[in-house]
1. Using 0.36 nm per residue, how much length does the chain from VAL240 to THR128 gain when fully extended, once their Cα-Cα distance is taken away?
2. In whole Å, what are the Cα extents of segment 202-262 along the three principal axes, biggest one first?
3. Taking a 1.4 Å probe, which of VAL277, VAL162, VAL55 shows the most accessible area, and what order do the others take after it?
4. Given a Förster distance of 35 angstrom, what is the FRET efficiency for GLU88 paired with LEU22, based on the Cβ-Cβ distance and rounded to 0.05?
5. Heavy-atom accessible area of LYS145 with all protein chains present, probe 1.4 Å, nearest 10 Å²?
6. Quick check: convex hull of the Cα atoms in segment 169-281, volume per residue, rounded to a whole Å³?
7. With the crude spin-label approximation of a point 7 Å out along Cα→Cβ, what separation in nm comes out for ASP199 versus MET225?
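The values are calculated or read from the model by the stated rules, or taken from the named source; none is laboratory data. All values reported here derive from a predicted model rather than from experimental measurement. Cβ sites come from the backbone with ideal geometry, for glycine too, and all protein chains shown count toward neighbours. To get the accessible areas, we keep the full protein, side chains included, count just its heavy atoms, and leave off ligands, DNA and RNA. Shrake-Rupley method; radii C 1.70, N 1.55, O 1.52, S 1.80 Å.
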Amino acid sequence: MLTMKTFLDSRGFMSVVGLLVLCAAIIAGYVVAFNPGKKVTSYCAMMPDTIGLYVGNDVTMLGIRVGKVTQIDPHGESVRVDFDIDAEHALRGEVSATTVSNTLVADRHLAVLSNGEQSEWDPGECITRTLTPKSMTQTLNAIGKLADELNGGGIPLDAQRVNRGISALDGATDGTGPQISHMIARLGVALDSPEGAVDHIGSLIDVLSELSASVADGWGGIKDMLIPFPDVLEFVNGKVWLPIAGIIDSLRILIPILNDITTTYGDGALPDLDRSVPTMQLIGANVESIGDIVNMIPPIISAFESSSDPVTGATVLRYAAPNSLMNPVDDEVCEALNALVPNGCPGGAHGPPSADLLPAILGRAGER
């Protein structure tokens, strides 16, 4: 009779139990590793290229793995990359994506960056702010292209031009190594001792502080000075500038007229004006004040009035010969003049006698 103990001790039961335990461990490991029941959100990104990126590669956010790449499809000049991210790390705000590799030869992973705003990114809209680093092939191709261009692209004439340019650059920089080294050493000394620059900056800050304090202390006076400025500017603009503008506007009309007069009559008038300068200086020398000028006006008017005959109206010019002053001791000369011309040497009551010599001379000339 088969007992329970015999059944439990049988090799078949132990094999079945071992198999069940192994399956349970495998299932538990899968659940722990992949967490198939975890909720995810699907997104897409339009990448310039997907070199080094494959389905199943990691999706990271700030260096933390948050999902997997699920599909890669060409899409025109770009490549569409579909990926899943854990729902607890949903993308928000403005989102960007790039491919990152820790080494030059390893596969890349997709890195996404979210700015953490409250609005969630629409999973139905692909990420377009994307970029990818240059591959080793592209880098080497660029270096090869540069080397080919430096070699003249196989054209001897261009190669000679490049060689001459490099030779000229080499000649221009020949012997400048010590100077460059000295400059770098001086720069290193300056950077090694920044206290001087910091001290200057500190002095500037102190001066600005004192200036600010002075302005703050004197702000009342500055304010009292600035407040009347609008009235002053309004006065200058309305009361001063407008008349000046009128004068300038008048000069705009007057200057052409003066120019025409000077051009037309200048040849005849300017010489006369030049000749009148001595006369004006003579008149001015005998005038000490405006009163002297006023006192000179009545005799001038009287002279014009006496230059015409009151009866006939004809112009009459009267000429009076100048008198010659005589020495008071020359009494015999005066007696001789009185004999020739009656009252020819009248005595001066308030000064020396004077003689009218012209009638005496002309009278004696007529006797012959």
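1. Numbers: separation 112, 0.36 × 112 = 40.32 nm, distance 6.60 nm.
Going from the current span to full extension adds 33.7 nm.
2. 69, 28, 10
3. Numbers: VAL277 65, VAL162 40, VAL55 90 Å².
The residues order as VAL55, VAL277, VAL162, largest area first.
4. Values: r = 33 Å, r/R0 = 0.93.
It comes out at approximately 0.60.
5. 130 Å²
6. Details: hull volume 54.6 nm³, N = 113.
Expressed per residue, the convex hull around the Cα atoms of segment 169-281 is 483 Å³.
7. For the pair ASP199/MET225, the computed spacing is 3.5 nm.
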